[in-house]
Every structure is written in C-alpha cells, then in structure tokens.
Amino acid sequence: MGFTCGIIGLPNAGKSTIFNALGSARAEVANYPFCTINSNQGIVPVPDDRLQKLAKILRPEKVTPTTLEFWDIAGLVKGASRGEGLGNQFLGNIRNVDAVAHVVRCFEAENVVHVYGSVDPRRDIEIVQTELILADLQTVEKRISKATHQAKVGDKKSSAEIPFLKEVQTCLSRGLPAKGLLLPEEGQKIIHSLELLTGKPLLYVANVSEKELKERRWVSQVEALAAPEKAQVVVVCGDLEAEMAELSEEEQAEFLKEMGLTESALNQLIRVGYRLLNLITFYTTVGPELRAWTVPAGTRAPQAAGKIHTDMERGFIRAEVISLDEFVNTRSMSLAREKGLIRVEGKDYIIQDGDILHIRFHV
C-alpha cells in the first residue's frame, strides 16, 4: 500500500463526516474492511470491477483488493502558517501524504457554524491555498538560508541548489502553487525533497446538502476555481453518504438505483484519488489468494515484484504475464498457456494496468 491522501479543509467543512463515511462504505469485494489505524487514519479498498470478474472465474478462498490510506487532518484556519489553530502540527501532518483532497463547504446548516460566518467556497479555498503557500515559502526560505551558508564554506551541492530554490521562492511569493513551476529534472528532485504542500497532487471535494446536489450554485464556484489548475472536483453529500453507509449492500444498491446513480460519491472519490496519484493495478493469483497490487505507472517488473516481497525483487528472474482481458476471455491459465497468451518478460518490462503476474525468482 503506502499511498496516502490527506483530507484537508476549514473547520466544519465536513472532513470528518466524509472520513467516517469512507470508513463505513462497503467495497464490492467486501472482505477487506476499512481499517482505522488511529482516530484520523484509515485504509479503504479501491473499488475494482476487474477484481470481481477475476474472483467469479477463479473462486479463490481469499480476495484482497488494493487500497488507499486516508488521513483526516485537523481543520485549517487563517494564520495556520504562523501557528494559529493547530498551526505547524496540521502542516506537519499534511507533509507526509502523497496527495491532498481539499473538502470545501457547499452547504448551509443552522446547527453547524461556519468559522467565517457564511458559505463562500471561493473565499474558503483562497484561505487554505494562501496558508499552504505561506507555509511552503517558509520552508523554501529556510532551505535557501541553509544552502547559502553551506555554499560559503565550499559545498558545491548546496551552491547548485540555490538557483532552483530561488525560482520556487519567486513563484510562491507571487501567490502561485509550487506544482505549476516547470523545472528541469535536477530542480524537480530538489523540490520533491522539500515535500512542499502546494507541490502535491490536489483534488477538490465539494461537500453539499441534498438541496445543493440539485441547485449546484456553490459547486459551480468550486469547479470554476479548479479548472485553471486542471484539478478534479468530486461532489459528495456527506450526510447522505454517511446515512447510506449504514445500509446493507443490497439496500445501498437500491438506494443508488432510486437516485439514478451507478456508484456512491465516496467510491468516485477513491477512484479519482487513485488516478490522481497516477497509480495502476496488477494482480497475482498464487495459492488460495487473488490479490490486487498498487504501483505507480512506469514501474518495472522487479520493482513490482518487490511490492509482493523484497526477496522477489532481489532474486527476480522473470515475470510470466497475461493481460486481464486475455485471461477473462480464456477463463483458464492452462488454456491461455496453450494458446501462447502468457508472455515471458524480463527486468526491463514496464508493468501495464491490468497485468496478471506470476514472478519467477531465486532466494
């Protein structure tokens, strides 16, 4: 696993409601339940129709989907970069995630006070973005100060960093996120090492009421702000999803049908988060277990084998590969082998989404 998405937003935006609903949501392959690691950290299965198809053909004793880890991070307030609210504690937590889901309040509720007195998605998004940019600016300026000092005593590596760091400093000083800055590979590596908050992949979650689901007067504001960033917006009615999460699988299916939907908004959120991180899925069918695995696109076969077990990467010999579609058409590994559909790939093979792998290795 190891791929994490932090849920951020202003206080009372509905982050915890969505997080808790994620925890109760049932994946279609239901033997990997949501796992709450602590009060604000949990693991959710990634919905996967292909895994279901394989399970129906293979009928394994155990089916294990791939997962994403979600963090519900404490509400951010204006001045967090200067220590207001939970301040640096919040910012420290978010630096550890791979992607960010920004929950934006798009609902009115008399019993849920808005920290700034009114519903205004544009203002709320700008507050959060500003705090993240200011926090990043502090990080970069500290790094520049350190690199400058080391460069004066002859550290060539630090000296080479400074021009890239100053480019990022200029970008952030203009109120722009770090991820929009185009740098050569060397510069990108330096920036990646800083774990900048505004350098992380971002999606917006518009938390709406049932009324807003139809009217979309505030959702349209979120979409307009997300468009220049090419960020995706997932519309979630947190209360409705939390209510649906309490239903049985059959009742959920009926509920979605009545709403004219094919899947819950939470499933959409998980899928979008998965794509946002540029992840792909491969499968293994060894022994009694059918299992899905997550790797970044572009991963080579030995590194994919290492996801299964480190010994497999160290002792990698070859990978026997068949695409999921080819296997589903033949419905038998032995028949697929007879037809020559199972390929033998070496260390340079790049894993494709939907590959079924059998790794050959020596200990």
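The single condition among (1) among the hydroxyl-bearing types (Ser, Thr, Tyr); (2) farther than 22 Å from residue 9 by Cα; (3) modelled with pLDDT of 95 or more that residue 294 does not satisfy is (3). Output the residues belonging to the range 2-18 that are under 11 Å from residue 40 (Cα atoms), part of a strand (DSSP E or B) and polar (S, T, N, Q). Once the filter is applied, which keeps residues that are under 11 Å from residue 40 (Cα atoms), part of a strand (DSSP E or B) and polar (S, T, N, Q), the range 2-18 yields nothing. Evaluation of residue 313 against the conditions (1) outside any loop (DSSP other than H, G, I, E, B); (2) of a type outside the set (A, V, I, L, M, F, W, C); (3) under 25 Å from residue 70 (Cα atoms) shows that the sole unmet condition is (3). In the range 178-192, the residues that are assigned by TED's automatic domain parsing to the domain that holds residue 100 and of a type in the set (Val, Ile, Thr) form no Cβ pair under 8 Å with any partner that is assigned to a helix (DSSP H, G or I) and modelled with pLDDT of 90 or more, whether six or more places apart or across chains. Checked against (1) of a type in the set (A, V, I, L, M); (2) free of Cβ contacts under 8 Å to residues at least 60 places away in the same chain; (3) within 25 Å of residue 46 (Cα to Cα); (4) in contact with a Ser or Thr (Cβ under 7 Å, 6 or more places away or on another chain), residue 305 passes all but condition (4).
Taken as a whole, the structure leaves residue 186 outside the set of residues that are assigned to a helix (DSSP H, G or I) and closer than 30 Å to residue 216 by Cβ.
Of all residues in the range 264-290, those being surrounded by fewer than 19 Cβ atoms within 10 Å (Cβ to Cβ) and assigned to a strand (DSSP E or B) number 1.
Only residues that are part of a loop (DSSP other than H, G, I, E, B) and at pLDDT 90 or above were counted across the range 156-183, and they come to 4. Within the range 233-263, the only residue that satisfies the criterion of being touching a helix residue (DSSP H, G or I) at 6+ places or on another chain (Cβ under 8 Å), assigned to a loop (DSSP other than H, G, I, E, B) and farther than 24 Å from residue 65 by Cα is 237.
What is the residue count in the range 38-57 for residues that are assigned to a helix (DSSP H, G or I) and either modelled with pLDDT under 85 or of a type in the set (Val, Ile, Thr) (or both)? Of the residues in that region, 1 qualify. Taking the residues in the range 189-231 that are part of a helix (DSSP H, G or I), acidic (Asp, Glu) and in contact with a helix residue (DSSP H, G or I) (Cβ under 9 Å, 6 or more places away or on another chain) as candidates, determine which candidate is surrounded by the most Cβ atoms within 10 Å (Cβ to Cβ). Taking the candidates together, the pick is 212.
The values are calculated or read from the model by the stated rules, or taken from the named source; none is laboratory data. Keep in mind the model is a prediction, meaning the values are calculated, not measured. Heads up, the Cβs are rebuilt from the backbone with ideal geometry, glycines too, and the neighbour counts pull from every protein chain shown.
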